[in-house]
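Novice: Below are the structure tokens for one structure; questions will follow.
The values are calculated or read from the model by the stated rules, or taken from the named source; none is laboratory data. Computed from a predicted model, the values in this text were never measured in an experiment. Backbone-built Cβ (ideal geometry, glycine too); neighbour counts: all protein chains shown. Note: areas computed on protein heavy atoms with side chains; ligands, DNA, RNA excluded. Shrake-Rupley method; radii C 1.70, N 1.55, O 1.52, S 1.80 Å.
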Amino acid sequence: QSPRVHDERTQHLSPEQFKRVLMAAPDNVRAIFALLTATGMRRSELLNCKWKYVDGARILLPTSKNEEPKEVHLNAFAQKVLASIPEGGPDDLLFPLVSPEAVSMAFHRTCKLLGFSDIRLHDLRHTFATWLRQRGVELDVIASQLGHRDLRMTKRYARIAAVQVKQAVSRLDSMCM
């Protein structure tokens, strides 16, 4: 009999699922879903983000969940999404007409429509971290973008794939054979 493996529940979207979510998302929240996934930002951080915080290829948040300033780096995809949003004045919010509850509900409805079960809006943050980790990005780099002080939290967000472990272990074959 095989030993039991503790498999902590972690949810994240595959790239294919992410594309399907964006295609099925209502117009008023599509950019929000895209930016949450591309940046790893929290819903509250993005919905409270003002245009004056956007600084080229980064967003400079004056405070984050842990009450400290936070620098969010923007990849080309995130910059393209931001460029698609009608720009307001410096003190205007990026998304002034959407409530946090409306965003979460729209995500829930979109996932239900697509047949994705047991996935929440916050799992887009897990998706961001997991995709980076699966591409070999170090945990401390991911933690910096997420705003985590403790790498244990980042490890919960950023899951490596079994295939990565298998590939890593197979690198020893040349030494053992």
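Novice: Could you tell me what a quarter of the Cα convex hull surface of the stretch 83-123 works out to, in nm² with one decimal place? Spell out each step's value before the answer.
Specialist: Values: hull surface 16.0 nm².
Here the figure is 4.0 nm², rounded to one decimal.
Novice: To the nearest 10 Å², what's Arg20's accessible area with a 1.4 Å probe?
Specialist: Taking all protein chains as shown, Arg20 has close to 100 Å².
Novice: Excluding Arg43 itself, what net charge comes from residues whose Cβ is under 12 Å from its Cβ, given Lys and Arg +1 and Asp and Glu -1?
Specialist: Values: positive: Arg42, Lys65, Arg120, Arg125; negative: Glu45, Glu101, Asp123.
Net charge around Arg43: +1.
Novice: For the stretch 10-64, what mean projected area does the convex hull of the alpha carbons give, in nm²?
Specialist: Working: hull surface 19.0 nm².
So the Cα hull casts an average projection of 4.8 nm².
Novice: A follow-up question, please. On the Cα set of the stretch 101-176, report Rg and Dmax in Å, please.
Specialist: 16.2, 56
Novice: What figure in square angstrom, to the nearest 10, would you give for the accessible area of Lys65 with a 1.4 Å probe?
Specialist: 150 Å²
Novice: Ok, one more. With every protein chain left in place, what is the accessible area of Ile119 in Å² (1.4 Å probe, nearest 10)?
Specialist: About 20 Å², ignoring ligands and nucleic acids.
Novice: Still on this structure: Carbon and sulfur: what percent of the chain's accessible surface (1.4 Å probe)?
Specialist: On the way: 6060 of 11120 Å².
Of all accessible area on the chain, carbon and sulfur atoms account for 55 percent.
Novice: How do His126, His73 rank by accessible surface area computed with a 1.4 Å probe, from largest to smallest?
Specialist: Details: His126 25, His73 100 Å².
The most accessible residue leads, giving His73, His126.
Novice: So, one more: With a 1.4 Å probe and all protein chains kept in place, how do Glu67, Glu45, Glu16 rank by accessible area, largest first? Display every interim value, and only then the final one.
Specialist: Working: Glu67 140, Glu45 10, Glu16 110 Å².
Ranked list, largest accessible area first: Glu67, Glu16, Glu45.
Novice: Under 29 Å Cα-Cα from Lys50, which lysines qualify once same-chain neighbours fewer than 8 residues away are excluded?
Specialist: Counting by Cα, and skipping residues close in sequence, Lys50 has these lysines nearby: Lys19, Lys65, Lys70, Lys80.
Novice: Can you give me the Rg/Rh ratio for the chain, using Cα atoms for both radii and the Kirkwood formula for Rh?
Specialist: Working: Rg = 18.0 Å, Rh = 17.6 Å.
Value, to two decimals: 1.02.
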